[in-house]
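Enquirer: Dropping the structure in here first, questions after.
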Amino acid sequence: MDLNIIWFILITVLFTGFFILEGFDYGVGMLLFNRPLNERNQLIRSIGPHWDANEVWMITAGGASFAAFPHFYASMFSTFYIALFLMLLALIMRGVAFELRGKFNSSDWKTFWDGAIIFGSFVPALLWGVATANLLRGLPIDSEMHYLGGFFDLLSPYTILAGVFFVLLFAFHGITFLMMKISDERILLDLRRKSSFAGIATWVAYLLFIIASVFETDVMSKTVGVIIFAAALGVLSSGWQFARAGRQKSAFTCTTVTIAMTTVGLFVALFPRLMVSSLTPEWSLTIYNSASTPHTLTIMTVAAVIFVPIVLAYQFWTYKTFKERISPSNSDAH
Amino acid sequence: MDALFLSRLQFAITTVYHFLFVPVTLGLSIFVALLETWYINSGSYEERIKLKKLVKFFGTIFLINFAMGVVTGIVQEFHFGMNWSEYSRFMGDIFGAPLALEALTAFFIESTFIGVWIFGWDKLSEKMHCLCIWLVAFGSNLSAFWILVANSFMQHPVGYEIENGRAVMTNFFELLTNPYVLGEYFHSFFAGITTAGFLVITVCAWKIVTDEISREMFIRTLRRAVLYTLLGVFGVMGSGHLHAQYLAKANPMKLAAFEALWETENPAPFAIYADVNQEMRRNDSEILIPYMFTFMVHNSFEGEIKGINNLQKEYMETYGPGNYIPDVKGMFWSFRAMVGIGGLLLFVTFVMGMAVFFFEEKLKYCCFLKLMPLLLPLPFIANSVGWYIAEAGRQPWIVVGLQKTVEAVSSNLTSGEVWLTLIGFTAVYLFLAVLAVFTAVSFIRRTKISEEE
């Protein structure tokens, strides 16, 4: 196994970590929608200590792409220019909202910032789905790795379907997370009711996404990919059943595994490409033509081998520290 | 206006905006950590109540600032790929590594332990809780190191070679030990201490005259903040001075430009005032102190300093025809603003120190302390013009000697797209700045620090 493949795996790991962790806090953010203030406080409190560290998974995935596959980073970020602009606006509003919402004891003030959190969670979830589908489906990329299209070329029924699928998957993941973290019976009842609908909707969207992928991409040319997606669909349906049965931990494990398998499945389908050129297959960005030199890859491998386990260890510790359910009374305190 | 110009403008706006918050994060994280250390080592029950409130008070100011710094930092990371993708292709092998290491070794620590710190008051032992804020301070300052390693390469490339039209890393260790890093790092670090220290001084001064209940604690904090700021100012001056001396070797064009020295001279004079004529490549008029510039650079009255026009000739021979002269006028006055503000901050801090250590009882009558917030923009202006000197001073290069800024911009962007994002980002920045300042100010006004629970 060469360094390029190791780095492809590491990037997959980072994106998997990002989608799992930030997935549920995007989900929780979207679930603030149409809820009374007291409930919103509890929801936000459940991700309060974690969302910032979760977001760093995305930053690290971006930074690692830059270090290991600079052409991929350069082409991807310039291709998705307007999409990323929208995502950045969403993330800026979201990040500031978590910090400022609690600073005034006014429900209008809090409602405004909660709106920012909803917007800031929904938009990135949607756009990551759109972006991923575009990488897979292929984009007009020329021999110099330059994108020849514009923002609206990124939107098609297929890519929007993928966006909707991501939104639903993260929302469902957020529900199963909250089922473990919330103690307020009223919210739990509502979550359980929502989970039954969200589970089905996610499952259907997933199925449609797979079917559309068969026509729109070459995902299904690899048997491993097919098996992973089929298995993920199975795990997702168990998650739905666990959620309905009130077995929160099993449900959350299932949505986590679903996201992990989906991310891995998407990267497996891409391999060894990173961005597909729709003009000529040879112009696609691969882990070889967009990579850094062996010297840089070696240094980054050493760093990743040392630091990723350390990061996982202390992040795990934070989840242990805050493992208790959120009590409805003091959820506003910080 | 083309995508290149607009991209530069957008990057400048984002960087300057981002760096309003970064120095406060660097310095205030340490200050809050020191306060908490004081708290956990304090004795009596009343004392502990007050100190805990004090830690949370400055902790809250820190958090508002921190959030602003974090969200604008993400924009920075994305910008390299979005607007400067040709730069990212050319430099990725070198530039990506410190950026990824920054995320991996610093951002994770910062973001994880700040979360624990905010929500962990009742969940952790006092020592563990205090350790969390120290880790945040460590992570913040480590992240500054990594990004300045990356920036230093752009100013002064080392440990690389050019392969197939790309810069590739040949020695990672050389990248880390680039002497340029030392100057940039310590100058930024102490600028952070100064900025945060002066912010604390301002808050304390204002609370001392306006808030009787909290007065005692803010007088005690002010003493510490004065010492902290003095450490910062002396550090920033010392590191700046050494860095300028180093520039004579590493980046003589930048040095000559911010002193508006057009011709090589020995000994070179220092210009207090210069009417820079960029077009004619001379100063139309100037007020000079003879020998002074040479003395500052060489610690002696004997020594040559290269002038802009001579360097331009040298660069034409090395790099081919072109204009290698940065914005001399802007740099000349930026440098004077930066140094002038440094001196002013030293003076104000010294006066505050005299007042709080020797005339403590009279402080509450000093109504003019209410005006202190008017001086608060000073360190922020100094930080911004400082970065202007650093970044404008390497133009027309994005990486000195290796890639020009014109060659670095993403080739697929239209000016319409960049207009959209430029306006969008700027509007959001302004909106949030207003809200953040409003939030912080009203928090500072209403929060009392006393032994009452």
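Enquirer: Report the Cα-based extents of chain A along its three principal axes, largest first, to the nearest Å.
Expert: Principal extents (largest minus smallest coordinate, Cα): 59, 37, 37 Å.
Enquirer: With a Förster radius of 35 Å, plug the Cβ-Cβ distance of B:Arg282 and B:Leu182 into 1/(1 + (r/R0)^6) and report the FRET value to the nearest 0.05.
Expert: With R0 = 35 Å, the Cβ-Cβ based efficiency is 0.55.
Enquirer: Still on this structure, please answer the following. Given Cβ point charges of +1 (Lys, Arg) and -1 (Asp, Glu) and nothing else, what value in debye, to the nearest 20, does the dipole of the range B:252-326 about its Cα centre take?
Expert: Around 180 debye, computed over the range B:252-326.
Enquirer: How large is the convex hull of the C-alpha atoms of chain B per residue, in Å³? Spell out each step's value before the answer.
Expert: Details: hull volume 72.8 nm³, N = 453.
Dividing the Cα hull volume of chain B by its residue count gives 161 Å³.
Enquirer: Using the heavy atoms of the protein chains alone and a 1.4 angstrom probe, what is the accessible area of chain A per residue in square angstrom?
Expert: On a per-residue basis, 36 Å².
Enquirer: I'd like the accessible area for A:Phe98, computed on protein heavy atoms only with a 1.4 Å probe and all protein chains in place. Round to 10 Å², please.
Expert: Answer for A:Phe98: close to 20 Å² accessible.
Enquirer: I've got another one for you. From the residues A:Thr202, A:Phe267, A:Phe242, which one has its Cα farthest along the dipole of the range A:164-306 in the positive direction, the dipole being from +1 and -1 charges on Cβ of Lys/Arg and Asp/Glu about the Cα centre?
Expert: The residue sitting most towards the positive pole is A:Phe242.
Enquirer: While we're on this one: What accessible area, in Å² to the nearest ten, does a 1.4 Å probe give for B:Val351?
Expert: Estimated to the nearest 10 Å², B:Val351 gives 70 Å².
Enquirer: How large is the Rg to Rh ratio of the range A:41-185 when both quantities use alpha carbon positions and Rh follows Kirkwood?
Expert: Using Cα coordinates only, the ratio equals 1.03.
Enquirer: Hey, what's the range B:252-326 come to in accessible area per residue, 1.4 Å probe, Å²? If you can, show how the numbers build up before the last one.
Expert: Numbers: 3920 Å² over 75 residues.
Roughly 52 Å² per residue, with all protein chains present.
Enquirer: Which order do the peptides A:312-320, B:144-152 come out in when sorted by mean C-beta neighbours inside 10 angstrom, highest first?
Expert: B:144-152, A:312-320
Enquirer: With a 1.4 Å probe, how much accessible area is buried between chains A and B, both sides summed, in Å² to the nearest hundred?
Expert: Details: alone 15140 and 20890 Å², together 29850 Å².
For A against B, buried area totals roughly 6200 Å².
Enquirer: Would you mind checking the tilt of helix A:81-100 against the longest principal axis of the Cα atoms of chain A, expressed as 0 to 90 degrees and rounded to 10?
Expert: With both axes taken from Cα atoms, the answer is about 30 degrees.
Enquirer: Let me ask another. Could you sort the residues of the range B:89-104 by number and keep only those whose accessible area is reduced by 50 Å² or more in the all-protein-chain setting relative to the chain alone, 1.4 Å probe?
Expert: So the qualifying set is B:Arg89, B:Asp93, B:Ala100, B:Leu104.
Enquirer: Now for a separate question. If you keep only loop residues by DSSP, which GluC sites (Glu not before Pro) in the range B:298-404 have at most 12 other Cβ atoms within 10 Å of their Cβ?
Expert: Details: sites: B:Glu302, B:Glu304, B:Glu314, B:Glu317, B:Glu360, B:Glu361, B:Glu391; in loops: B:Glu302, B:Glu304.
Answer by residue number: B:Glu302.
Enquirer: Counting other C-beta atoms within 10 Å, and keeping those with at most 11, which DSSP coil chymotrypsin sites (Phe, Trp or Tyr not before Pro) do you find in the range B:302-396?
Expert: Those that pass, being in a loop and sparsely packed, are B:Phe359.
Enquirer: By per-residue mean of other Cβ atoms within 10 Å, what is the highest-first order of B:220-232, B:154-166, A:55-67?
Expert: A:55-67, B:220-232, B:154-166
Enquirer: Test of understanding: extend the Cα→C-beta vector of B:Glu216 to 7 Å, then name every residue of the range B:428-453 with backbone N under 14 Å from that spot.
Expert: Within reach of a label on B:Glu216: B:449-453.
Enquirer: To continue, here is another question. Treating each Cα of the range A:162-257 as an identical point scatterer and ignoring solvent, apply the Debye formula and state log10 I(q)/I(0) at q = 0.14, 0.23 Å⁻¹.
Expert: -0.50, -1.09
Enquirer: Taking only Cα atoms, what is the 0 to 90° angle, nearest 10, from helix B:45-82's long axis to the longest principal axis of chain B?
Expert: Around 20 degrees separate the two axes.
Enquirer: Given 20 Å bins starting at zero, what is the percent of C-alpha pairs of the protein assembly as shown in each, up to the one with the largest pair distance?
Expert: With 20 Å bins starting at 0, P(r) equals 16, 47, 31, 6, 0.
Enquirer: Follow-up. How big is the gap, in Å, between the Cα center of the range B:14-52 and the Cα center of the range B:365-388?
Expert: Measuring centre to centre over Cα atoms gives 20 Å.
Enquirer: Here is a follow-up. If you keep only loop residues by DSSP, which GluC sites (Glu not before Pro) in the range A:94-188 have at most 16 other Cβ atoms within 10 Å of their Cβ?
Expert: A:Glu144
Enquirer: For chain A, find the longest principal axis of its Cα atoms and tell me its angle to the long axis of helix A:157-181, 0 to 90°, nearest 10.
Expert: 40
Enquirer: Sticking with this one: Cα gyration tensor of the range B:252-326, axes a ≥ b ≥ c as square roots of the eigenvalues: rounded (a/c below 1.5), prolate (a/b > b/c) or oblate? Kindly include the intermediate steps, with their values, before the conclusion.
Expert: Details: a/c = 2.72, a/b = 1.38, b/c = 1.97.
Oblate, since a/c reaches 1.5 and b/c is not below a/b.
Enquirer: Taking each residue of A:290-300 in turn, how many C-beta atoms of other protein chains fall within 10 Å of its C-beta, and what is the average?
Expert: What the average comes to for A:290-300 is 5.
Enquirer: A further question follows. Quantify how strongly other chains surround peptide B:439-449 by giving the mean number of their Cβ atoms within 10 Å of each of its Cβ atoms. List each step's numbers first, then the result.
Expert: Details: counts 7, 2, 0, 2, 2, 0, 0, 1, 0, 0, 0.
Mean shielding by partner chains, rounded to a whole number: 1.
Enquirer: Normalised by the number of residues in chain B, what is the relative contact order in percent for Cα pairs under 8 Å and 6+ residues apart?
Expert: 22
Enquirer: Taking the Cα centre of the protein assembly as shown as the origin, how large is its charge dipole in debye, to the nearest 20, when only Lys and Arg (+1) and Asp and Glu (-1) carry charge on their Cβ atoms?
Expert: Dipole about the Cα centre, nearest 20: 2480 debye.
Enquirer: Quick one: with all protein chains in place, what share of the accessible area of the protein assembly as shown is carbon or sulfur, to the nearest percent (1.4 Å probe)?
Expert: The nonpolar share, carbon plus sulfur, comes to 68 percent.
Enquirer: I would also like to ask the following. Counting partner chain Cβ atoms within 10 Å of every residue's Cβ in A:79-87, what's the average? Working shown, then result.
Expert: Details: counts 5, 3, 13, 6, 1, 6, 10, 2, 2.
Average neighbour count from other chains, rounded to a whole number: 5.
Enquirer: I'd like to compare A:102-114, A:244-256, B:191-203, B:255-267: which one has the highest average count of other Cβ atoms within 10 Å, and what's the full order after that?
Expert: B:191-203, B:255-267, A:244-256, A:102-114
Enquirer: Pairs of alpha-carbon atoms within less than 8 angstrom and 6+ residues apart define the contacts here; what relative contact order does chain A have, in percent?
Expert: Numbers: 471 pairs, mean separation 89.0, N = 334.
Relative contact order of chain A: 27 percent.
Enquirer: Determine the relative contact order of the range B:252-326: mean sequence separation of Cα pairs under 8 Å and six or more apart, normalised by residue count, in whole percent.
Expert: Contact order relative to length: 37 percent.
Enquirer: Note down the magnitude of the dipole of chain B about its Cα centre, charges +1 on Lys and Arg C-beta and -1 on Asp and Glu C-beta and zero elsewhere, to the nearest 20 debye. If you can, show how the numbers build up before the last one.
Expert: Numbers: 31 positive and 38 negative charges, 259 e Å.
In debye, rounded to 20, chain B gives about 1240.
Enquirer: Would you mind pulling out the separation of the Cα centroids of the range B:120-150 and the range B:193-229, in Å?
Expert: Measuring centre to centre over Cα atoms gives 23 Å.
Enquirer: Continuing with the same structure: Taking the Cα centre of chain B as the origin and placing charges on Cβ (Lys, Arg +1; Asp, Glu -1), which of B:Trp333, B:Trp146, B:Cys204 is farthest toward the positive end of the dipole?
Expert: The Cα lying farthest towards the positive end belongs to B:Cys204.
Enquirer: Per-residue ellipticity at 222 nm for the protein assembly as shown, helices alone: DSSP H runs ≥ 4 residues times -39500 (n - 2.57), over residue total, nearest 500 deg cm²/dmol?
Expert: So the calculated ellipticity at 222 nm is -25000 deg cm²/dmol.
Enquirer: Where a Cα-Cα gap under 12 Å defines reach, which aspartates and glutamates qualify for B:Lys53, not counting those fewer than 8 residues away within the same chain?
Expert: B:Glu36, B:Glu451, B:Glu452, B:Glu453
Enquirer: Quick check: Cα centre of the range A:250-323 to Cα centre of the range A:92-146, how many Å?
Expert: Each part reduced to its Cα centre gives a spacing of 21 Å.
The values are calculated or read from the model by the stated rules, or taken from the named source; none is laboratory data. In this text the structure is predicted, and so the values were computed from the model without any measurement. Positions of Cβ are backbone-derived with ideal geometry, glycine not excepted, and every protein chain shown enters the neighbour counts. Accessible surface areas use protein heavy atoms only, side chains included; no ligands, DNA or RNA. Shrake-Rupley method; radii C 1.70, N 1.55, O 1.52, S 1.80 Å.
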